[in-house]
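Pasting a structure here, questions to come.
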Amino acid sequence: MTGGSFSRVGVVGLGTMGAGIAEVLARGGLAVVGIEVDQDALERGRGHLEKSTGRAVKRGKLTEDAQREILGRVTLSTDFADLADCDLVIEAVPERLELKRKVFATLDGVCRADAVLATNTSSLSVTDIAVTTNRPTKIVGVHFFNPAPVMKLVEVIRTVLTEPEAVDRVAALVKDLGKTPVTIGDRAGFVANRLLFGYLNQAAGMLESGHATRDDIDTAMTAGAGLPMGPFTLMDLIGLDTCLEVLEAIHAETRDRRHAPSPLLRELVTAGLLGRKTGRGFYDHGTPKDEAAA
Ligand code: 3HC
């Protein structure tokens, strides 16, 4: 049993990231309550969980019994009241500040007064979210990377209001889950995205200017720099809409032109070509993400 001082954890939003986080927690032996907005979204969340753990079974990394146990630890619901007994809730809804503030106001009302509330935001201010609640000392950022079941890093974000105990407890949980926490202040892009997205944006600019082809840029960075994926493969994995949001947030804070989103990226997002999740981004994936990744 892992989880440190937490034993029952809620996850709000079961899209790619939320479902991945729920899987990590359930694999760590914690009881998980997954919340979605309606029954259809809940079924999609269940699908993510079944597919991801099923993939591990197919690869011989998990027995069917272990998969059943993991899935058995996850309760799915559309009712926020089911989070009342959780000692930690991680929010992973879309990156819209008003939506996140609404979710946190609801969480503040239903969760125990001593529960820690965390946001998995990749680009918004944790402080902006914290001040919506009556417990800003218990609000942290907990930023997982995609795909959450695989990537080791979790950035734990403290605001000027967060109590050290909440940060320490969340960092201890991250370690218990077999991941590596780094603790960071509340600045757009935190550390990893702040460094990574300047590079990704520059790759899009290079492609747009005709400096090199998509495939040659990707090959240069895998075969030459030893990265697991080239920038265009990675942006398609992350989702081009998310890439644009992250760049806009960092650019708004820094005004550094390296983060001014490439017009090509913006054009693809406007066209609805968002990467693997829609079947096409910089690459044509043929089928939407889940089937492609299965
Ligand atoms: N969900 C669950 N598990 C997955 C997965 C997914 N979507 N994709 C791959 N995996 C697992 C596989 O099952 C396999 O597990 P195993 O070793 O236990 O059998 C392992 O990952 C390796 O998978 P593959 O052999 O199929 O493929 P690769 O070796 O090419 O690895 C990768 C895939 C792990 C995605 C690797 O290419 C990689 O690390 N890419 C870079 C990803 C990255 O940089 N992510 C960060 C993006 S930035 C971000 O998320 C921040 C946000 O705020 C935007």
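A short reminder: the numbers here are calculations on the coordinates, not readings from a lab. On a predicted model such as this, the values are computed, not experimentally measured, just so you know. For neighbour counting, all protein chains shown are included, and Cβ atoms are generated from backbone atoms with ideal geometry for every residue, glycine included.
Which whole-number percent of Cα pairs in the chain have a distance greater than 29 Å? Don't skip to the answer; put the middle values down first.
Details: 14643 of 43071 pairs.
Distances greater than 29 Å cover 34 percent of the Cα pairs.
Could you tell me the center-to-center distance, by alpha carbons, between the stretch 212-227 and the stretch 109-179 in angstrom?
Distance between centres, Cα-based: 34 Å.
In nm, to one decimal, how far is the modelled label at Ala225 from the one at Asp82, with both set 7 Å along Cα→Cβ?
Here the modelled spin labels are 4.2 nm apart.
With a point put 7 Å past each Cα toward its Cβ, work out how far Glu208 is from Arg266 in nm, to one decimal.
That separation, rounded to one decimal, is 0.7 nm.
Using a/c under 1.5 as the rounded threshold, could you call the stretch 213-294 rounded, prolate or oblate? The axes a ≥ b ≥ c are square roots of the C-alpha gyration tensor eigenvalues, and prolate needs a/b larger than b/c, oblate otherwise.
Oblate, because a/c is 1.5 or more while a/b does not exceed b/c.
Once you place label points 7 Å from the Cα toward the Cβ at Glu64 and Arg112, how far apart are they in nm?
The modelled label-to-label distance comes out at 3.8 nm.
A further question on this structure: Just want the ordering: His211, His285, from fewest to most Cβ atoms lying within 10 Å of their own Cβ.
Ascending number of Cβ neighbours within 10 Å: His211, His285.
Still on this structure, please answer the following. What angle, in degrees between 0 and 90 and rounded to the nearest 10, separates the Cα long axis of helix 97-110 from the longest principal axis of the Cα atoms of the chain?
Orientation of helix 97-110: about 10 degrees from the principal axis.
While we're here: Can you tally the net charge around Ser125? Count Lys and Arg as +1, Asp and Glu as -1, for every other residue whose Cβ sits under 15 Å from the Cβ of Ser125.
Details: positive: Arg96, Lys100, Arg101, Arg158, Arg187, Arg194; negative: Glu91, Glu95, Glu98, Asp128, Glu155, Asp186, Glu245, Glu248, Glu253.
Charge balance near Ser125 sits at -3.
Another question, if that's okay. Using the Cα centre of the chain as origin and beta-carbon charges of +1 (Lys, Arg) and -1 (Asp, Glu), tell me which of His211, Ile70, Val131 is placed farthest towards the positive end of the dipole.
The Cα lying farthest towards the positive end belongs to His211.
Sticking with this one: Return the loop-located trypsin sites (Lys or Arg not before Pro) in the stretch 149-254 (DSSP other than H, G, I, E, B) with at most 16 other Cβ atoms within 10 Å of their own Cβ; answer none if there are none.
Here the sparse-neighbourhood loop sites are Lys152, Arg187.
Could you tell me the distance between the Cα centroids of the stretch 46-79 and the stretch 257-290, to the nearest Å?
What the calculation gives is 29 Å, centre to centre.
Tell me the angle of helix 240-254 to the major Cα principal axis of the chain, expressed in degrees between 0 and 90 and rounded to the nearest ten.
Orientation of helix 240-254: about 90 degrees from the principal axis.
For the stretch 24-145, what is the relative contact order in percent, using Cα pairs closer than 8 Å and at least 6 residues apart in sequence?
The normalised contact order for the stretch 24-145 reaches 22 percent.
Lysine pairs in the chain 8 or more apart or on different chains: how many have alpha carbons under 15 angstrom apart?
Lysine pairs satisfying the spacing and distance rule in the chain number 6.
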